[in-house]
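Any read-out appearing in this document is the output of simple, stated calculations on the displayed coordinates, not a laboratory observation. Note that the structure is predicted; figures quoted are calculated from it, not measured. So basically every Cβ, Gly included, is an ideal-geometry build from the backbone, and we count neighbours across all protein chains shown.
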Amino acid sequence: MSFVDEPPETQKGECFASSCQVWQCGGRIEILPCSRIAHLERHHKPYAVDLSLALKHNALRVAEIWMDEYKHMVYLAWNIPLQNSGIDFGDISSRMALRKKLKCKTFDWYLKNVYPNLKPIHNIVGYGRMKNTLDENICLDQGLVSGKTPIMFYCHKYSLQNVYYHLTGEFYVGPLITEARTDDHCLADPGNGEKPTLEPCSKAAQNRLHIYWDFKLGKAVMNRATKRCQEMKKDTSGIYEPVLQTCTTQAWTIQYTVQNWGSN
């Protein structure tokens, strides 16, 4: 069985591809508790310093070859559009033929039997950077990782500005958490004051915090319970910050949508 998918743009991501191939195609990997594994880094790496495009290339190859109906999770996590991604992940026909020849199992089987700790995500309808039309140079941002207060910050490509809107009304803000026992951060209206907060989603739902919002592209973001809108205004130093207030005419956009959601 061949373990490394060629041609890799860099040797990153092949471990997950190998795991999928081994498990889904009838093999197994044994973990020895007392074993030790080391990775000796090369002094000079034969690839560019910026690995983002190469990593996305490899991640999409794995997703398209092995992950079946779950492949969208890679696109969401890497903030890549589901249609016309702009990333050429190459010809995968030979790998798909190998998978068929070996009668490999589905990725759904892999999740249920090998890695049940991976949390499937199916109902996200909008994702990416989120902007208020007052100033489209700044984006909603998680802010300090150790904190719970979202901010408005100049738009960049890093995961602190990833926003995921669910069909059920939640906004996840920050990196997408895919481990079943770990919570994403949900945007919440605390019910008093003008500052929105970020709360662990499961805990927020149990405590009946206000984490459900109505939103359509180019429209307001309104909390279903409090009827207040998330908007933004300038603080005393002239910097925009997110606020909760009576709805005005402010509108928001989100970078990518799923299945034409929010176009009406």
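Table for the structure above
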read-out: Most mobile listed residue (101, 195, 56) in the chain, GNM with C-alpha springs under 10 Å; value: 101
read-out: Mean projected area in nm² (Cα convex hull; one quarter of hull surface) for the range 14-113; value: 8.4 nm²
read-out: Cα pair distances of the range 65-170 binned at 10 Å [whole percent]; value: 12, 32, 32, 16, 7, 0
read-out: Given charges at Cβ of Lys, Arg, Asp, Glu: the chain dipole, positive-most of 243, 26, 256; value: 26
read-out: For the range 70-114: rounded, prolate or oblate by the Cα gyration tensor [a/c cutoff 1.5]; value: oblate
read-out: Whole-Hz couplings from phi, Karplus 6.51/-1.76/1.60, listed for the range 61-78; x for Gly and Pro; value: 4, 4, 4, 6, 7, 10, 9, 6, 6, 9, 5, 4, 4, 5, 4, 5, 5, 8
read-out: Calculated Rg and Dmax of the chain using C-alpha coordinates, Å; value: 21.0, 66
read-out: Under Karplus coefficients 6.51, -1.76 and 1.60, residue-wise ³J(HN,Hα) of the range 97-111 in Hz, glycine/proline x; value: 5, 4, 4, 5, 4, 7, 6, 6, 6, 7, 5, 4, 4, 4, 5
read-out: Sparse-neighbour loop sites [chymotrypsin sites (Phe, Trp or Tyr not before Pro); the range 137-244; at most 16 other C-beta within 10 Å; DSSP]; value: 158
read-out: 9 Å beta-carbon shell around residue 106, net charge (K/R +1, D/E -1); value: -2
read-out: Charge dipole magnitude, Cβ of K and R +1, D and E -1 - the range 14-113, Cα centre, debye nearest 20; value: 380 debye
read-out: DSSP-assigned coil residues among trypsin sites (Lys or Arg not before Pro) in the range 171-253, each with at most 13 further Cβ atoms within 10 Å; value: 181, 208, 224, 227
read-out: Cα-centre dipole for the chain with unit charges at Cβ (Lys and Arg positive, Asp and Glu negative), debye to 20; value: 540 debye
read-out: Pairs of alpha carbons in the range 124-257 whose separation is greater than 22 Å (percent); value: 28 percent
read-out: Per DSSP, loop GluC sites (Glu not before Pro) in the range 100-184 with at most 16 further Cβ within 10 Å; value: 136
